[in-house]
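Chemist: Please see the structure below; I have some questions.
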Amino acid sequence: MAIAADSTAGQAPNPKPDKAAHGVVEAPAPSDHPEPNAEAAAEEEEEEPEEELDGPAAEEAAWAKVDAVFRRLSESPVGIRVHDVIIQGNTKTRDELIEAEVVDLIRSAATVQDLARAATVAHARLMRLELFDSVCITLDAGPTELPGTANVVIEVVEPANRINGSVGCFSKPEARSWSVEGSLRFTNIFGYGDIWDVSGAYGWGQSSEISIGVALPRFRSIPTPLTARASLSSHDWLKFSSYKERLIGLSFGLLSTMCHDLSYNLTWRTLTDPSQVASKSIRTQLGHNLLSALRYTYMIDQRDSHLRPTKGYAFVSTSQVGGLWGSKGLRFFRQEFDIRSAVPFGFYNAALNAGISAGVIIPLGRGFLKSPSSVPERFFLGGHSSPVCSLGSLTPLLGFKTRGVGPTEIRRFVPSESLTDESAASPGQDYLGGDFAVSAFADVSFDLPLKLFRDAGIHGHAFLSAGNLAKLSESEFRNFSFSEFGRTFRSSAGVGIIVPTRFFRMEINYCYILKQFEHDRGKSGIQFSFSSPM
């Protein structure tokens with residue numbers, strides 16, 4: 001007789017078998033083939049001639065046997081040995097991929113209880129591959145001539161359609177730009193669990209990108225997933241920093257686990273100034289550069305949601321070493337930290353989200369104290385994106401435009417014949433970013449009174465954000481003072497409404513600038529933003 005148990009059987013020693021769960025795990029009845037260490041129990045439970053029952057009586061008798069088996073399993077360990085692992089239903093996925101994920105785990109089980117727990121973990125591993133619609137693991141009795149053994153049958157259901165895609169339109173009002181983003185994904189083309197994706201984004205007036213990548217959950221004996229991606233992108237920073245950036249790059253994911261991620265990036269970067277008004281600091285960095293960088297990320301995220309957390313905490317540390325090939329001007333060390341916490345209030349689904357993030361970049365090489373850091377690798381503050389959803393980077397400073405805060409330098413003035421000395425306008429400022437940055441926020445989210453809004457996930461929030469940048473390279477660290485750095489923090493506060501949908505996430509905020517300084521691009525008022533719902 002086979003008994004069905006849900007995927008939490010390993011946590012609850014005596015679960016109620018009243019419903020079958022998705023991803024069924026079935027265990028063999030010990031009475032079919034008694035184990036050596038359970039012979040005494042088997043002798044006590046001598047089989048008696050069963051009367052043929054039908055209808056409700058037969059069903060009640062079957063569930064009584066199931067209850068008896070679960071009681072026995074909960075009383076003491078029952079020894080067992082896995083005889084065979086049988087894989088079914090994989091018409092495209094290769095057997096060796098599934099075996100590499102779960103066979104060693106299943107064969108290591110020494111008791112029925114261990115085997116049920118191993119089956120639950122195996123089910124989770126296979127579903128995490130994103131290759132199957134469903135996975136069913138059955139623990140069946142082994143051959144009659146081998147008592148105390150079990151066969152494990154893994155039945156998978158592969159999706160009928162291996163191609164899916166998405167498209168969306170998003171806005172950055174602070175940069176007065178819109179972007180259309182789309183992706184196309186091909187799953188398991190060659191049967192190795194390979195996932196191919198093509199993505200593209202086009203932004204009116206600021207940036208565009210197209211890339212293609214592949215991910216392998218397992219390659220030969222390497223237990224960690226491997227990824228590779230080629231990309232071509234361009235960014236227009238003329239309004240903010242008087243340069244355009246074009247990138248042609250390759251990236252390789254070398255290590256990826258629950259908490260650790262290691263990648264290598266090789267990028268050919270070109271900086272140009274079509275306006276020819278860039279400041280001196282920008283002009284010295286125009287041209288071509290090869291960026292070779294190793295990036296390591298450590299992340300813990302115990303929050304209950306990444307869009308609207310109500311409890312938990314998160315921590316992210318990102319380290320990057322650039323210039324592994326000794327490229328002049330692109331040798332640097334970059335470190336970022338981001339800490340988040342969410343505390344529930346217990347009413348109206350209200351919760352406080354607070355976070356602080358910091359980053360520093362240091363040039364490497366001979367004379368690094370006097371060398372400038374790479375402008376595109378520096379830290380910038382501003383933007384209207386939600387600080388709650390921006391885990392892993394500096395939190396946005398709401399109310400300030402993109403690259404609207406920090407050290408600036410006056411642009412080169414190009415005289416025009418149409419302008420007289422009296423009518424000549426200021427050439428403006430280039431925002432150079434900072435080598436050291438700190439930002440923080442506090443956000444209180446709460447449900448709105450109307451049930452219609454609560455059912456749709458529409459909620460309100462009140463926020464406070466602050467941040468600052470400082471230059472350390474080119475011997476500027478000698479002039480750095482923590483007291484002065486704290487005194488010049490920019491800050492803003494406000495309230496808003498968040499409207500989540502299937503296609504986008506919209507925020508309508510009223511921002512009030514609490515503190516800003518000369519050349520900062522901050523403005524109080526109503527601001528809109530549209531972002532990805534993921």
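Chemist: Could you state the per residue volume, in Å³, of the convex hull enclosing the Cα atoms of region 304-358?
Modeler: It comes to 84 Å³ per residue, whole-number rounded.
Chemist: At a 1.4 Å probe radius, which order do Cys259, Cys511 fall into by accessible area, largest first?
Modeler: Heavy-atom accessible area, descending, gives Cys259, Cys511.
Chemist: Taking amide H atoms as placed 1.01 Å from N in the peptide plane, list the residues 5 or more away in sequence, or in a different chain, whose amide H sits under 5 Å from that of Ser305.
Modeler: When sequence neighbours closer than 5 places are left aside, the close amide H contacts are Thr310, Lys311.
Chemist: Carbon and sulfur atoms: what percent of the 1.4 Å accessible area of region 278-339 do they account for?
Modeler: Carbon-and-sulfur percentage of accessible area, whole number: 59.
Chemist: Enter the accessible area of Arg283 (Å², nearest 10), with the probe set to 1.4 Å and all protein chains included.
Modeler: 90
Chemist: Please give the per residue volume of the convex hull enclosing the alpha carbon atoms of region 199-314, rounded to a whole number of Å³.
Modeler: It is 161 Å³ per residue.
Chemist: Given axes a ≥ b ≥ c from the Cα gyration tensor, I'd like to know whether region 124-282 is rounded (a/c under 1.5), prolate (a/b larger than b/c) or oblate.
Modeler: Prolate.
Chemist: Rounded, prolate or oblate: which fits region 401-515 when a ≥ b ≥ c are the square roots of the eigenvalues of the alpha-carbon gyration tensor, with rounded for a/c under 1.5 and prolate only if a/b beats b/c?
Modeler: In terms of gyration-tensor shape, oblate.
Chemist: Where the accessible area of region 71-123 is counted over protein heavy atoms with a 1.4 Å probe, how much of it, in %, is carbon and sulfur?
Modeler: Its accessible area is 47 percent carbon and sulfur atoms.
Chemist: Using Cα centres only, tell me the gap between region 86-138 and region 346-387 in whole Å.
Modeler: Centre-to-centre (Cα) distance: 42 Å.
Chemist: Over 24 Å between Cα atoms, which of Lys239/Lys471; Lys244/Lys523; Lys244/Lys471 qualify?
Modeler: In this structure, Lys244/Lys523 lie more than 24 Å apart at Cα.
Chemist: Also, quick follow-up: Ranked by accessible surface with a 1.4 Å probe, highest first, in what order do Glu145, Glu101 come?
Modeler: Result of the area sort, largest leading: Glu145, Glu101.
Chemist: Kindly rank 459-469, 396-406, 312-322 from highest to lowest mean number of other beta carbons found within 10 Å of each residue.
Modeler: Ranked from most to least packed, the peptides come out as 396-406, 459-469, 312-322.
Chemist: Provide the solvent-accessible area of Lys65, counting protein heavy atoms only and rolling a 1.4 Å probe, rounded to the nearest 10 Å².
Modeler: Taking all protein chains as shown, Lys65 has close to 90 Å².
Chemist: Taking the full set of protein chains and a 1.4 angstrom probe, give the accessible area of Ile80 in square angstrom, rounded to the nearest 10.
Modeler: Its accessible surface works out to 20 Å², give or take rounding.
Chemist: Protein chains only, probe 1.4 Å: how do Phe190, Phe446 rank by accessible area, largest first?
Modeler: Phe190, Phe446
Chemist: Taking a probe of 1.4 Å, how large is the accessible area per residue of region 487-534, in Å²?
Modeler: 59
The values are calculated or read from the model by the stated rules, or taken from the named source; none is laboratory data. In this text the structure is predicted, and so the values were computed from the model without any measurement. Using ideal geometry, Cβ is built from the backbone for each residue, glycine included, and neighbour counts are taken over all protein chains shown. All accessible areas refer to the heavy atoms of the entire protein, side chains included, with ligands and DNA or RNA removed. Shrake-Rupley method; radii C 1.70, N 1.55, O 1.52, S 1.80 Å.
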